[in-house]
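The values are calculated or read from the model by the stated rules, or taken from the named source; none is laboratory data. This one's a predicted model, so the numbers in the text were calculated from it and none came from an experiment. FYI the Cβ positions are ideal-geometry reconstructions off the backbone, even for glycines, and counts take in every protein chain you see.
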Amino acid sequence: MGPCCSTLSNQDVIPKTPNVVVGTPVVEEDILKEINEAVTKSVAKITAAYKGERIRIVEKMRKAAPERHENLLYYDYPDKNGSKVNELALQNVTSEVAKKKISQGIYEQIKPKLDEKTSGDPLGREALHKVVEKTIEVSVSKAVDATMKTINTNDTEPVLENQ
């Protein structure tokens, strides 16, 4: 793994204790393991997404020239606004919207197994789905935030179209 990648352990991604409230179903270990694997795989793609987003922003700046794109001028890149491009790219790939999209994708992946486990219990199904959705949401948020810290946004090397 490169300097801007990291590995996540179960302790980094899955909350240490399930959200247990009286009457709330406990998420089984196999589902937690699957959530952890899905979160880890999804979050591992953030570094590549960040690089792609930098390229996309610079290309938009180039096409908008001499006008601004996202308040950034192409002729100022990378000397004057390289770090701002990096910050914007990181913000775009780690935003709450991005976290929600990752969470929803993982939930859709896990949902059939939840339905299978609760096929005869509609109330239990609804409660389990809510607990799992929240577990995924928290796990994704923690993992994305941890990954954000590993991405080098100080790199102001020019982005070329064909990188």
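Here is a check on your reading of the model: is I31 within 18 Å of E137 (Cβ to Cβ), surrounded by 14 or more Cβ atoms within 10 Å (Cβ to Cβ) and among the aliphatic types (A, V, I, L, M)?
Details: within 18 Å of E137 (Cβ to Cβ): yes; surrounded by 14 or more Cβ atoms within 10 Å (Cβ to Cβ): yes; among the aliphatic types (A, V, I, L, M): yes.
Taking the combined requirement at face value, the residue satisfies it.
Can you name the residue in region 120-146 that is of a type in the set (G, A, S) and over 22 Å from the mean Cα position of the chain (by Cα) and, of all such residues, is farthest from G52 (Cα to Cα)?
That would be G120.
Can you spot a residue in region 7-23 that is modelled with pLDDT under 95, of a type in the set (V, I, T) and surrounded by 13 or more Cβ atoms within 10 Å (Cβ to Cβ)?
yes
Tally time: how many residues in region 50-68 are surrounded by 18 or more Cβ atoms within 10 Å (Cβ to Cβ) and either more than 18 Å from K142 (Cα to Cα) or in contact with an Asp or Glu (Cβ under 8 Å, 6 or more places away or on another chain) (or both)?
So in region 50-68, the residues surrounded by 18 or more Cβ atoms within 10 Å (Cβ to Cβ) come out as 50, 53-54, 57-58, 61.
Keeping just the survivors that are either more than 18 Å from K142 (Cα to Cα) or in contact with an Asp or Glu (Cβ under 8 Å, 6 or more places away or on another chain) (or both) gives 53-54, 57-58, 61.
Residues meeting the conditions: 5.
This table checks each residue for (1) of a type in the set (A, V, I, L, M, F, W, C); (2) within 17 Å of T150 (Cβ to Cβ); (3) not in a helix (DSSP H, G or I).
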residue	(1), (2), (3)
K51	no, yes, no
R54	no, yes, no
L88	yes, no, no
Q91	no, yes, no
Q104	no, no, no
E108	no, no, no
G120	no, no, yes
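Kindly indicate whether any position in region 73-86 is assigned to a loop (DSSP other than H, G, I, E, B), surrounded by fewer than 13 Cβ atoms within 10 Å (Cβ to Cβ), within 21 Å of the chain's Cα centre (by Cα) and not aromatic (F, W, Y).
No: region 73-86 contains no residue that is assigned to a loop (DSSP other than H, G, I, E, B), surrounded by fewer than 13 Cβ atoms within 10 Å (Cβ to Cβ), within 21 Å of the chain's Cα centre (by Cα) and not aromatic (F, W, Y).
Quick one: which of V85, V140, V93, V144 is of a type in the set (V, I, T), touching a strand residue (DSSP E or B) at 6+ places or on another chain (Cβ under 7 Å) and within 25 Å of I46 (Cα to Cα)?
Working: V140 fails: touching a strand residue (DSSP E or B) at 6+ places or on another chain (Cβ under 7 Å); V93 fails: touching a strand residue (DSSP E or B) at 6+ places or on another chain (Cβ under 7 Å); V144 fails: touching a strand residue (DSSP E or B) at 6+ places or on another chain (Cβ under 7 Å).
It is V85.
Taking S95 as meeting all but one of (1) modelled with pLDDT of 95 or more; (2) of a type in the set (G, A, S); (3) surrounded by 13 or more Cβ atoms within 10 Å (Cβ to Cβ), write down the number of the exception.
It is condition (3) that S95 fails.
Of the residues K149, K117, which is among the basic types (K, R), modelled with pLDDT of 85 or more and more than 24 Å from A49 (Cβ to Cβ)?
Result of the check over K149, K117: K117.
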